[in-house]
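Beneath this line is the structure, given in structure tokens, with notes to follow.
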Amino acid sequence: MTYDEIINAVENGAKFTINFQKRTCRMNGKIVMSEEDKPKDTPYLTHAVVLFAIEQRYAAYKHSVPSERSESHRRYYFKALPEKELSDEDMMYGERREVARCKLELYILIQLLRGNLAWENRWGRWFWKSENDKDLIILRDWIEPNKGGA
């Protein structure tokens, strides 16, 4: 499945799980994207471009509108604001949380599969933290499974 197909399915109620270490996306329990689905004709993007896009998607996720469905998810890679901390504008115009989470996590997975996101030693040993939003953290273990802190 493509990025747009997966997002569309989630918008229409499909459940999804992304595992960065295993490089998989499951939809309703079935693997729909994995290492075997590496896009071969994709452009190379610099880390700066990829991280900027991640920051944009994270901002949308952080200010997204939670629902019973999004709150029932058992594991989160990223922190979002609780409903009581959202502004009126967030509540009126914010994206549904499960859709925003899918866009963020799926974008990162695709960049990992494309080879556009690799660990840089200058980021440190355990995690990368955004300079623009200190709540946005990417663990090394997501990028290099079993090497975080090793």
Restricting region 9-37 to residues that are touching a Ser or Thr at 6+ places or on another chain (Cβ under 9 Å) and loosely packed, with under 14 Cβ neighbours inside 10 Å, the one farthest from residue 139 (Cα to Cα) turns out to be 29
Looking at (1) of a type in the set (S, T, N, Q); (2) farther than 26 Å from residue 12 by Cβ; (3) modelled with pLDDT of 90 or more, which is the one condition that is false for residue 111? (2)
Looking at region 38-55, can you tell me whether even one residue there is modelled with pLDDT of 80 or more, assigned to a strand (DSSP E or B) and crowded, with 17+ Cβ neighbours inside 10 Å? no
Residues of region 132-141 classified as free of Cβ contacts under 8 Å to residues at least 40 places away in the same chain and in a loop (DSSP other than H, G, I, E, B), total: 1
Which residues, taken from region 107-131, are over 18 Å from residue 46 (Cα atoms) and in contact (Cβ under 8 Å) with a residue 24 or more places away in the chain? 125
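The values are calculated or read from the model by the stated rules, or taken from the named source; none is laboratory data. This is a predicted model, so every value here is computed, not measured. We place every Cβ from the backbone using ideal geometry, glycine too, and count neighbours over all the protein chains shown.
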